[in-house]
Amino acid sequence: MTVTRRKFLRNTTLAGAGFAVVGTIRPLAVWADSGKQEMVPYLTGMKMAATPATAYRAYRSKVAVSPDVTTWLQVDLKKVVPISAIQLFPASERMYPGRDQYYGGEAFPLRFRLEASDDLSFSKAVTIADFTKSDFPDLKNNITQYVAKDIRGRYVRLTATKLRAVKANATGSTPLGKEPRDSPDFTLMVAKMAVLSNGHDVAVGCKVTADPIYGNTELAAQLTRPPRQDGEGIHFDNPQAVTNSATWKPVKYKAEAPKTGVTLDGGVFQTAMQNNIEYLLTSFTTDDLLRQFYERTGKVKGFKPTGSQVFWEEDLAGSNAGRFLMGAGNTVRWMDDPELRRRLNVVVDGIDDSKQANGYIMAYPEDTIFYSERAAYTRAWLTHGLLEAAYSGNPKALPMLRAYYDWFNQQPFLPEMLRGAIQGGQGMVANTRMCTSPLGKPADAHVIQRYYQEDGWMKGLAKQEKEQVWQYPYDRPHCYLLTNLEAYLDMYLATGDPRYRDAVQGAWELYRAHWQQAGGSISIIEFDKDPPDSNSLHRKLGELCGSAFWVFLSQRFQLLNPDDERYATEIEKSIYNVGMANQDSGIGLRYHTIMEGTKEKSTHENTCCEGQGTRLLGSLPEHIYSIAPDGLYVNLFEPSTIRWQQTGQTMELKVKTRFPYETHVSASLKVAKPVQANLRIRVPSWAAHEMAVSVNGKIEGTGKPGTYLALNRRWADGDVIEFTLPATMRVRRYSGEDQIAGSKRYSVEYGPILLAAVGSSKVDLKIDKGHEAEHLANNLEPIPDSPLHFTVRGNDGQKFMPYWLISEEEFTCYPQVTAII
C-alpha cells in the first residue's frame with residue numbers, strides 16, 4: 001500500500017500567465033469504493049439517471065471517450081455588468097478504488113477559455129482568459145482567479161476544448177453511445193463559477209445553460225450556487241472562536257447512566273448480549289486486531305490484504321481494534337466473560353507496547369493521517385474503544401489516550417482536519433469524549449472551537465432548517481453527521497454555551513420528524529438523495545451505525561432532561577427494531593435496516609455498522625435505568641437487577657417481566673433499612689391509556705402516556721411495585737416516496753415493536769365490512785402460544801411477526817391495505 005502525506009498550496013501563483021491561485025477548497029465528497037459502497041449512477045448513456053444529492057455537488061458533464069471534444073457552460077447575468085474577475089472552483093467529489101485520498105481538481109479542463117458577451121449566441125465575444133494552446137496545470141484543490149480588464153458583458157462562457165481523463169466508468173456513467181470499458185473516461189467538472197463585479201459575485205442564482213451534446217442541464221445550476229455558509233476553503237482556523245475555560249459554566253446531567261451495577265436476569269437483552277459476545281470472540285483474533293499497530297512498528301512485515309481487508313482493515317488501520325474494544329469494553333461492565341476480558345486486555349497491552357515516545361498510539365503512521373478516513377473515522381473509533389476499555393476497568397487505556405491527545409491537540413495539520421480529511425467532522429466526538437472523560441482538558445474542547453466549529457451550520461440547525469441535514473454543504477450528508485451533533489452536545493456540557501444545545505436540539509427534532517422509518521431507523525445515508533420525509537423503501541437506508549449514534553445522542557438528552565419521556569422512546573425502538581433486528585444471532589451484524597424484501601446477509605469484517613452495532617449491543621443495560629440524586633428512573637422494561645447508592649446505603653431493585661412478549665411488570669425492593677427515594681416509572685408514549693401503578697397491592701398513582709410517574713416515598717425491604725404496560729396495536733399510513741398507485745400502505749407496531757407481514761414483499765391485505773384501512777389493527781388476531789405473532793382475519797395464511805425476529809423470511813413492513821365495501 002502506497003501512502004502519501006497531503007500537501008496544500010494556497011495564495012501562490014502557479015505556472016501559467018493570466019491566473020492566480022486565491023485559495024484552496026474541498027467541495028463535496030461523493031466517493032465510491034468497491035469494498036464499502038456502490039455509487040448511485042449519475043448518468044446512463046444520454047439520459048441522466050439521478051440528480052445531485054445536494055445543491056452543493058459539482059457540475060459534471062456527460063462523458064466522452066476522447067479528450068478532444070468541446071463542451072461549454074454559459075451564465076446569464078441578467079444584465080450587462082462590469083466584470084473584474086472570474087473564479088473557478090475545483091471539484092473534489094470521489095475517491096476511486098486504489099487511490100489514497102480524494103482527488104482535488106478532478107476533471108478540471110485540460111484546455112479551456114473564458115469569454116464574455118452581450119449577446120446569447122456569443123457572435124461577438126471578448127476573451128477573459130485563453131488556455132487552449134497548451135495543457136493547464138493540475139491545480140488539485142486550488143481556487144483560481146482570472147482577471148478581466150475593462151470588460152463588460154451579460155453572458156459569461158466557460159468553453160473546454162480538451163478534457164482531463166478520469167478512471168474508466170468511475171463517473172457512474174457510460175460514455176455517449178458506448179459500452180463500459182477499461183480505457184479512461186473524459187469529462188468536465190467544475191464546482192462553482194464566481195463572476196466578480198464591484199467586489200460581489202453577481203453570478204449567484206443566475207441561469208446556466210450547457211451545450212446540447214455533452215452538457216448536463218440537470219447539474220448546470222450547481223455552477224452558480226450560493227456560497228457555503230461557513231466558507232469555501234479547506235483551511236479552517238478560527239482562533240477567535242476559542243473561549244477562555246475560566247469563563248465556562250459546565251453543565252451537569254440531572255441523571256446518570258449506570259456504568260456498572262446492572263445484572264440481566266434473562267430476557268431478550270441478555271440473549272442479544274450473549275450473541276454479541278459470541279460475535280466478538282469468533283470474528284477476529286487478537287493478532288488480527290493488533291496487526292496494523294505491529295505493521296507500523298515493524299513487528300509484522302509483508303502482510304498482503306485481500307478483499308474487504310483492503311478497506312475495512314488496512315485503509316482504516318486500527319479501527320478493527322476500536323470496534324472490538326467498543327463492544328468488549330461495554331459488555332464486560334455487565335457480563336463477566338473471562339475470555340472477552342482477557343482479549344480486551346491483550347489488545348490494550350498491544351497498543352500500549354506500540355505507542356511512541358511522543359504519545360502517538362494510532363495504528364497508521366503519523367504522516368498518513370489524511371489517507372482514506374483515518375483522520376476522523378479511525379481516530380474516533382480507537383478513542384471510543386479505549387474509553388470503553390477504561391470504563392470497564394482497564395488501567396492503561398485512559399492514560400494512553402490522554403498522552404495521545406496532548407500530542408494531537410498541538411499538531412500543525414489541525415486547520416485541515418475538518419475540510420481536508422474525508423468526513424472530518426466524524427473526528428469531533430473523539431475530542432469531546434476525551435474532554436468529558438476523567439482525564440479531560442480544556443484543550444480538547446479548544447481544538448473543536450478553533451478547527452471544527454461551524455457557526456453557520458449550528459445557527460441553521462437551531463432554526464430547524466431541514467436543508468442543514470439533507471443538504472449539508474460540506475463533504476456529504478450522512479448519518480455520521482449525528483456524531484458531529486454528539487460532539488456539540490458534549491461542548492455544551494463542557495462550556496455551558498447554550499448555542500451548542502440549541503443547535504443539537506433543533507437537529508434532533510428534525511431527524512425525529514423527517515428522517516425515520518417505521519420502527520425508528522434513521523433514513524438518511526451517504527451518497528444518496530434523502531429529502532425530508534422521503535423514507536425510500538427500494539433503496540438501502542437505515543444504517544445500523546446511524547441508529548447507534550441516534551441512541552447515544554438521545555441518551556445525552558435523556559440524562560439532561562430525564563423527565564422528558566421522548567428520549568427513552570427513541571432509545572427503546574432503536575434497540576428493538578434496529579440494533580437487535582440487525583443482529584444475526586452470534587454470526588455477525590447487518591449493515592442496512594431493510595424495510596421490505598429480505599434482510600441483508602450479516603458480515604463479520606469490521607464494517608462501520610458492525611463496530612457501532614457491537615458498541616450499542618454491549619451497552620444495553622445502561623439504557624434500562626438512570627440514576628438521579630434523589631432516586632431512580634426506570635426507562636425500559638427488561639428482567640434485571642440494579643444496585644445503587646442512595647443517601648449512603650445500597651438499594652436494590654429487581655424487575656421481573658417477560659416484556660415485550662408479555663406486558664406485566666413487577667419490581668421488588670431490597671434495602672437494609674427504610675430509605676426515602678423517588679422511583680420514577682416510565683409510562684411510554686405508545687401506551688393506549690393511562691397506566692396505574694401499585695405498591696404492595698394498592699394503587700399508588702396513575703401516569704399519562706409519555707410521562708414518568710414519580711413514586712416518592714419511604715421504601716422498606718420487600719416492597720413490591722406492579723403495573724401492566726397498556727400496549728396496543730398502532731397502524732400508521734406510509735407517506736414516503738414509494739407510493740403504489742391506487743393503494744395505501746401501512747406500518748404496524750405493537751407497543752414499541754415493529755411488526756412485519758411475512759411470506760412476501762408484496763402483501764395486499766383486504767379489510768372487510770367497510771372498515772377504513774386504518775382499522776387494520778382490529779383484524780389482527782394473536783396466534784396461541786406464539787407471543788407477538790398474529791394472523792389477519794379474512795386473509796388466509798397471512799401472518800405478522802416482530803421485525804427483529806425475522807431472519808430468512810421474505811417480508812414487508814409496509815403492506816398494502818384495501819378496505820372492501
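The values are calculated or read from the model by the stated rules, or taken from the named source; none is laboratory data. Keep in mind that this is a model prediction, so the values were computed, not measured. Here the Cβ is made from the backbone with ideal geometry for all residues, glycine too, and neighbour counts use every protein chain on show. SASA here: full protein model, heavy atoms, side chains in, ligands and nucleic acids out. Shrake-Rupley method; radii C 1.70, N 1.55, O 1.52, S 1.80 Å.
Based on the mean of other Cβ atoms within 10 Å per residue, sort peptides 262-273, 304-315 so the most packed one is first.
On the way: 262-273: 19.0, 304-315: 17.2.
Ranked by mean Cβ neighbours within 10 Å, highest first: 262-273, 304-315.
From Cα pairs below 8 angstrom and at least 6 apart in sequence, can you work out the relative contact order of region 498-593, rounded to a whole percent? Write out the running numbers ahead of the final one.
Working: 104 pairs, mean separation 26.3, N = 96.
Result for region 498-593 is 27 percent.
Hey, with R₀ at 41 Å, roughly what FRET efficiency would T243 and V346 work out to, going by the Cβ-Cβ distance, to 0.05?
Working: r = 41 Å, r/R0 = 1.01.
Computed FRET efficiency for T243 and V346: 0.50.
When all C-alpha to C-alpha distances in region 452-527 are sorted into bins of 5 Å, what percent of pairs does each bin hold, rounded to whole numbers?
Percent of Cα pairs in each bin: 3, 16, 29, 27, 16, 7, 2, 0.
Filter the cross-link list K463/K704; K62/K192; K301/K355 down to pairs whose alpha-carbon distance in this structure exceeds 22 Å.
Working: K463/K704 30 Å; K62/K192 17 Å; K301/K355 18 Å.
Listed pairs above 22 Å: K463/K704.
Note the full-extension length gain between T728 and E809 as 0.36 nm times their separation in residues minus their Cα-Cα distance, in nm to one decimal. Walk me through the intermediate numbers first.
Details: separation 81, 0.36 × 81 = 29.16 nm, distance 2.48 nm.
Going from the current span to full extension adds 26.7 nm.
Which value in nm describes the separation of the simple spin-label points at K704 and A741, placed 7 Å from the Cα toward the beta carbon?
Label at K704, label at A741, 4.6 nm between them.
Which whole-Hz couplings ³J(HN,Hα) result when phi for each residue of region 210-222 is put into the Karplus expression 6.51 cos²θ - 1.76 cosθ + 1.60, θ = phi - 60°, listed in order with x for Gly and Pro?
Coupling constants for region 210-222: 9, 4, x, 9, 9, x, 10, 5, 6, 10, 4, 5, 4 Hz.
Per DSSP H run of n ≥ 4, the term is -39500 (n - 2.57); total these for the chain, divide by its residue number, and report the mean residue ellipticity at 222 nm rounded to 500 deg cm²/dmol. Don't jump to the answer; show the numbers that get you there.
Details: 16 runs with 187 residues, N = 821.
Taking each H run of at least 4 residues, the total per residue is -7000 deg cm²/dmol.
Given H placed 1.01 Å from N in the peptide plane, which residues other than close sequence neighbours of H235 have an amide H under 5 Å from its amide H?
Counting only residues 5 or more places away or on other chains, the set is T24.
Leaving ligands, DNA and RNA out of it, work out the accessible area of K459 with a 1.4 Å probe and give it in Å² to the nearest 10.
140 Å²
For region 695-786, take every pair of Cα atoms, bin their distances at 5 Å starting from 0, and report each bin as a whole percent.
With a bin width of 5 Å, the distribution comes to 2, 9, 15, 18, 13, 9, 10, 8, 7, 5, 3, 1, 0.
Semi-axes, largest first, in whole Å: what does sqrt of 5 times each Cα gyration tensor eigenvalue give for region 604-749? Could the numbers behind the result be given before it?
Working: eigenvalues 242, 98, 29 Å².
Gyration-tensor ellipsoid for region 604-749: 35, 22, 12 Å.
For region 492-592, state the semi-axes of the equivalent ellipsoid (square roots of 5 times the eigenvalues of the alpha-carbon gyration tensor), sorted largest first and rounded to whole angstrom.
Working: eigenvalues 123, 59, 28 Å².
For region 492-592, the ellipsoid semi-axes come out as 25, 17, 12 Å.
Rounded to a whole number of µm²/s, how large is the Stokes-Einstein D of region 280-399 at 37 °C and 0.692 mPa s, given Rh as the Kirkwood radius over C-alpha pairs?
230 µm²/s
Might you work out the accessible area of S760 for me, using a 1.4 Å probe with all protein chains in place, and round it to the nearest 10 Å²?
Surface open to solvent at S760 totals about 40 Å².
So what is the accessible area of the chain per residue, in Å², with the probe set to 1.4 Å? Write down the numbers at each step before the final one.
Details: 29640 Å² over 821 residues.
On a per-residue basis, the chain sits at 36 Å².
Explain nothing, just the number: dipole magnitude of the chain about its Cα centre with +1 on each Lys and Arg Cβ and -1 on each Asp and Glu Cβ, in debye rounded to the nearest 20. Before the final figure, lay out the partial values.
On the way: 94 positive and 93 negative charges, 337 e Å.
With Lys and Arg at +1 and Asp and Glu at -1, about 1620 debye.
Placing one identical point scatterer on every Cα of region 406-463 and ignoring solvent, what is log10 I(q)/I(0) from the Debye formula at q = 0.21 Å⁻¹?
Cα-only, vacuum Debye calculation for region 406-463: -0.83.
Accessible area, 1.4 Å probe, largest first: how do V65, V156 sort?
Numbers: V65 65, V156 0 Å².
Descending accessible area places them as V65, V156.
Counting Lys +1, Arg +1, Asp -1, Glu -1, what net charge surrounds K79 among other residues with beta carbon under 11 Å of its beta carbon? Show your work: numbers first, answer last.
On the way: positive: K78, R152, R154; negative: D76, D118.
That sum, taken over residues with Cβ under 11 Å, equals +1.
Tell me the label only: which of [x] 49, 34, 31; [y] 50, 32, 25; [z] 46, 38, 22 is semi-axes √(5λ) of the Cα gyration tensor in Å as calculated from this structure?
[y]
If DNA, RNA and ligands are ignored and the probe is 1.4 Å, what is the ranking of H446, H538 by accessible area, most exposed first?
Numbers: H446 50, H538 125 Å².
Ranking H446, H538 by accessible area, largest first, yields H538, H446.
May I ask for the equivalent-ellipsoid semi-axes of region 744-786, computed as the square root of five times each C-alpha gyration tensor eigenvalue and listed largest first in whole Å?
18, 14, 12
Does a label point 7 Å from the Cα of S668, set along Cα-to-beta-carbon, have any residues of region 257-273 with amide nitrogen under 16 Å, and which are they?
Answer for region 257-273: 265-266.
With labels modelled as points extended 7 Å from the Cα through the Cβ direction, what inter-label distance (nm, one decimal) is found for K396 paired with D118?
7.8 nm
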